[in-house]
Each structure stands twice: as structure tokens, then as C-alpha cells.
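The values are calculated or read from the model by the stated rules, or taken from the named source; none is laboratory data. This one's a predicted model, so the numbers in the text were calculated from it and none came from an experiment. Backbone-built Cβ (ideal geometry, glycine too); neighbour counts: all protein chains shown. Quick note on the areas: whole protein, heavy atoms, side chains included, nothing else; ligands and nucleic acids left out. Shrake-Rupley method; radii C 1.70, N 1.55, O 1.52, S 1.80 Å.
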Amino acid sequence: MKRLCTVRLQGAAVLLGAALLFGGCAKSGMKAGTYQAAAKGNNGDVTVAVTVDSSKIVDVAVVKHAETPGISDKAISDLPKTIVKHQSVNVDTVSGATNSSRAIIAAVTNALKKAGAPDGAFTAKVTAEQTADVEQTADVIIVGGGGAGLAAAVTATDNGASVIVLEKTGALGGNTLVCGGIYNAPDPELQGPAGIDDSVDLFIKQTWEAGDKLANKDLVTILCSNALDGYNWLKSIGVAFKNQITMGAGSLYQRTHTAVKPLGSGFIDAYKDNLSKKQNAVIMLNTKALELITENGKVAGVIAQGETGNKVTLHAKRAVILATGGFAGNVELRQKYNTSGKWSDLGPNVKTTNTAGVTGDGIFMAEKVNANLIDMDQIQLLHMGNPKSGAISGICEPLGTDGTIFVNQEGKRFVREDGRRDDMCAAILKQTGSKMYVIESGEAIPDYKTAKTLDGSPLTKWIESGDVFVGETIEDLAKQINVPADALKQTIETYNRSVDEKKDLDGLGRQLLKTKYTKGPWYANPRVPSAHHTMGGVQIDGACHVLDKNGSVIPGLFAAGEVTGGIHGTNRVGGNAVVDTVVFGRIAGKSAAESTL
């Protein structure tokens, strides 16, 4: 088997230049020099510097951006080279980083106009040469290179199985890469000194009740009982965590561990590093799984499509694992299954926190082999979406839920900040403009000039872009966000008295009342509900076997992560998603490695 480092990046490596560099236009007319221009990406402007001489593009570089690390990396590193190599902006976008790619292309086009390039110049179509079909065999084929798929791959290889992981985009990570980097687990070592009483039984109770007891209690028990072991396993393979316990957004209790690296990059980096050292692991990027191969009633492999349209046939000696994630980013599926009555609209006006590649592919494949789907109408919105992009970008909350209060356009609190995500989102949607402001003080962020957001970028960048507001006084902040200063000041004063009296005096029921807000700088971060997680999916048992519509095991097929249903009920607890990928990813990896077809 080939090592991970020999990842197949078929399209970028074999792009063929068109015969005409300039699409038939004149090759002269530009003024030599370097020109900067920008275009809107996912999280803000992407700025490029384009160097030209009188007739050609000499160099392209991305000099400033706020795109999500990991997701946008390949577009930022490869697209400028491709444009220079082929002297054309008419190149394919990078799979999984479409918006970042389009921003780079548009910015380069704008820079060329500044340089005096004629209309239509540098627009010859660059096409990819179709590569040969591929046929390979491994013990376990894993569909999806996000957290669950990679946890399964590490575990399966540790159990002696050879593995091929298929990822349809150009980067590993999926939604795990852009998660908040939080992980729930009862942890006496950290909770004890902080005076926090916790137990596995309490974790099970809160998780099950938070999902309105709709989930499979046995799966909830497996999730919560194995959370701490999963946490210790993550540390053993190189994931670093902060030495503190917080309460993540919607986590309902102080048992949240936070990774040191931004967002979910710490998890994905550890998985990649682990697999890169193994001879029995192959990663295929830009390879989209299309259907499952069945033989004699058993799932025996996967048919996929490579980046250039070539056919990829992968045979499984032991099993196939589906780990393709949910469908919160698939508007069509969201609308189809929005039947619970909880949300009035989940159409295109509702943005998503999800990465572009997570669109429910595994659900379609599973349906074709008679897999049973459960809880498909249970769709979660996250209350922390950026109004411009829907992503969780631009959030800075070092104290977790303890360091924030939520106010509406009238400057008043309207919901308990430590409550359920669905309750918070429903409350936000009833406010003026269907948005809220996350208010933080100098207690949470003493110095905005040195502070960073969850994705590791400087907070100042988000202040400059108008995504975050900062004021030295409450009155200054209120003016910037057009909120009545007296009302905002009264809200903060009442909250501080709530901390003193250990009772939510606004009558909203907040339980976490520890930190008073007494000093500037004062911060306001506008947020809206954003489609985040789908609790429904493929039905599994405790060993991660996929079950058919009669409740029987489908031989050779396993599933883990958000593609499954039955674990979170009506509402996923914040901080449980990574736990899900780790606990059930490991179970699926071990089960598949021990399976026989």
C-alpha cells in the first residue's frame, strides 16, 4: 500500500494549457508592475498581488485573507500557481473551497484590469486531461475524510487492517475542521479542583433529556460512557487541549475541553500525522464516492469518480464505513425533511456553518442498499452564525458561555445563554431583525489588539471588517450597534446583580452566573441562527453496523459520525459532535477491521 504522503491530486498536477494564452486578444498593452486587488471570499475580502510585464502574468500571490484554515489552504497555495502556469484566470475552482477559489480568480481579474489588460485577456479555458481508471483493494474502505472517517481509519489500521479513505474535496477535515474545537467529557482531574461535580450518569441524563428522549438510550450511553476514554485517546495521538474546563455554547454543563489549535485543526492534524506514518493507509482526495458495490447481499466496495472524471473502483475485503457527515448544508434536503414544525423556513435564506463538501452523500448511497433512515426531521440551527457567511468565524470567547450575555436590538437580554441551542435559536428568530449581539467585556477580552478568534485569526481583523464592534465605554458600544445605551447599561447592571445574588433576575433561568462585567473594552458580536447539524441519518447499532428497514444488519456496511441518526434526538448538545466522531469512529474502525465478508 502507498503511504499517505502520496495523495492523489490528479487535477492540479495534469492541467493542460490552452493553445492561446490570451483567448485571442492582444498580448500587449499592460504596464509592468505589481497590482493589488480584492474580491469577497467566505469570511471577508481576499487580496492578491499580481505582477505582470507588458505581455504576461509573472507572479500571483494571496497577500491577505480571512478564509478558514485547512479548507482554503489548497486554493490559496495552488490557484495562483495554476493561473501563472497557464496564463489564464479561466481555471477550475478547488473542490471544497469554491468560494475562496472564486474570490482569488475575481481578485486576479481585477488586478489585471488595473494593469491595463484588454477585455477578454487571460481567459482561455484550462481543461484537465482525464486520467486512467483506477481499481484497488483494501481491507476497509472509508467514505469521508472528516473526523469520524479519520478516527475510524486510525483505529482500523491500529487493528491491522489496510485502509483507503475517500474524500471528495481537496482537503481532509470536513465539518470537524471548522467546529469549535470543543469536547465534552466528565473529567475529575480538571473538574474536581474547579469544584464541579460530574459523572457519566449525569452526562447521559443531560444528553438524553436535551434531545427530548428521542434518541436511542443505548447509543447515548455508549457516547457518554466512552467520552473520557476518547479524550485520553486523542491526547495520546497528539491532540493538545487547554488545561481548563469551560461550558461550550449549548453544552449545558461545565465539562467542555477545548483544543489548543484553532477550531478543529488540532484533531485533523493529529489524524493526518498518525496516518502519514502508516504503510497500510491511503488517502484519495478529490475522489467522490457514487455508489456502494454489493455482492451476494453484502456491501463489498465503492464506485467513485476521480477529479478528472475517471472511474475509481475500490474493493473491500472486510467492510465499508460511511462517514460522510450530515446534510445541514444541503438546502434541498433541509427543505425536504423540515417537517418537525420547529423551523418555519430552512430554505436558501438560512446560511450554514457547514463546509461545502458535506451534502449528505452517504445518505443517498445508504438508501440504495435499503438502509433505514431515522430522525431525519431533526435539524439543528446554531445561534452563533456570522450574519454574512453563516460560519462560526469571528467568535472570540475565551471564557466560554461564562463570558457572554446575549442582547437584542433593544439592548435587553431575551434568552438564557447557557440553554439549549434550539431554544436560543427560536428566541433569536423572534427578535428585531432575527439577530442578536453577543456582549463581552474586558473580563473576557482584556486587550482586543492581541486577542484571537476561534480560527486563530487576529480579532482586529474582524473589527476592521465590521463583523465585531468594540468601544471603550458601554455608551460608545451602544452607539455603534444602534442600541439604546440606557437599556444596555441597565441590562449589564441587572446581570451583575444576578451574579451577586446567584439568581437570574431577568427571569430567563440562566444557571451559570460567575463572572461580572465591570470594565472595558466592551464588545458586540452580531450573530444569527445558522443551519448547523442534522441529528437524523442512517440507523446503526452499538457496533456501528448499518441496519436495514427491517432492523437487520446490512453485512459489510458500517457508519459513524453525523451521517448516522439516533444519538442526539431533537437537539445535539454543544461539544458532543466531536465526541460522536471519536467514540463511534473508533467503534466503526475496530468493528470493520474485525469484520469478514
_Can you find a residue that is of a type outside the set (S, T, N, Q) and farther than 30 Å from Ala588 by Cβ anywhere in region 129-140?_
yes
Among Ile587, Ile567, the single one that is open to solvent by 30 Å² or more (accessible area, probe 1.4 Å), at pLDDT 95 or above, within 23 Å of the chain's Cα centre (by Cα) and under 30 Å from Phe267 (Cα atoms) is Ile587
Scanning region 22-51 for residues that are buried (at least 19 other Cβ atoms within 10 Å of the Cβ) and more than 36 Å from the chain's Cα centre (by Cα), the one modelled with the highest pLDDT turns out to be Met30
Picking from Ile104, Ile83, Ile76, the residue that is open to solvent by less than 50 Å² (accessible area, probe 1.4 Å), in contact (Cβ under 8 Å) with a residue 12 or more places away in the chain, in a helix (DSSP H, G or I) and more than 22 Å from Gly33 (Cβ to Cβ) would be Ile76
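Tell me the helices (runs of 4 or more DSSP H) entirely within region 181-289 that contain at least 3 residues that are of a type in the set (D, E, K, R) and under 19 Å from His568 (Cα atoms).
200-210
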Review point. Ala148: more than 28 Å from Asn330 (Cα to Cα), touching a residue at least 24 places away in the same chain (Cβ under 8 Å) and open to solvent by less than 40 Å² (accessible area, probe 1.4 Å), yes or no?
Key: no
State whether one or more residues within region 118-126 are closer than 27 Å to Ile363 by Cβ, touching a residue at least 24 places away in the same chain (Cβ under 8 Å) and open to solvent by 40 Å² or more (accessible area, probe 1.4 Å). no
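Sort out which residues of region 345-380 are without any contact (Cβ under 8 Å) to a residue 12 or more places away in the chain and either assigned to a loop (DSSP other than H, G, I, E, B) or open to solvent by less than 30 Å² (accessible area, probe 1.4 Å) (or both), and write them in order of number.
Asp345, Asn349
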If we keep only residues of region 289-314 that are buried (at least 18 other Cβ atoms within 10 Å of the Cβ), in contact with an Asp or Glu (Cβ under 9 Å, 6 or more places away or on another chain) and modelled with pLDDT of 95 or more, then the residue nearest to Gly174 (Cα to Cα) is Ala289
*Can you find a residue in region 435-448 that is open to solvent by less than 30 Å² (accessible area, probe 1.4 Å), touching a strand residue (DSSP E or B) at 6+ places or on another chain (Cβ under 7 Å), within 30 Å of Glu67 (Cα to Cα) and among the acidic types (Asp, Glu)?*
yes
Checked region 541-588 for anything assigned to a strand (DSSP E or B) and among the acidic types (Asp, Glu); matches are Asp548
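Kindly evaluate Thr596 against the criterion of being at pLDDT 95 or above, part of a loop (DSSP other than H, G, I, E, B), hydroxyl-bearing (Ser, Thr, Tyr) and surrounded by fewer than 24 Cβ atoms within 10 Å (Cβ to Cβ).
No: the conditions fail for Thr596.
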The residue that is nearest to Lys461 (Cα to Cα), considering only those in region 52-61 that are in a strand (DSSP E or B) and open to solvent by less than 60 Å² (accessible area, probe 1.4 Å), is Ala61
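To keep it simple, each residue is scored yes or no on (1) among the hydroxyl-bearing types (Ser, Thr, Tyr); (2) open to solvent by 40 Å² or more (accessible area, probe 1.4 Å); (3) in contact with a strand residue (DSSP E or B) (Cβ under 8 Å, 6 or more places away or on another chain).
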| position | (1), (2), (3) |
| --- | --- |
| Lys388 | no, yes, no |
| Gly394 | no, no, yes |
| Thr404 | yes, no, yes |
| Arg413 | no, no, yes |
| Glu417 | no, no, yes |
| Arg421 | no, no, yes |
| Met424 | no, no, yes |
| Leu429 | no, yes, yes |
Among residues of region 452-480 being farther than 20 Å from Pro69 by Cα, in a helix (DSSP H, G or I) and without any contact (Cβ under 8 Å) to a residue 40 or more places away in the chain, the residue nearest to the chain's Cα centre (by Cα) is Lys479
Among the residues of region 261-268, is any crowded, with 24+ Cβ neighbours inside 10 Å and more than 20 Å from the chain's Cα centre (by Cα)?
no
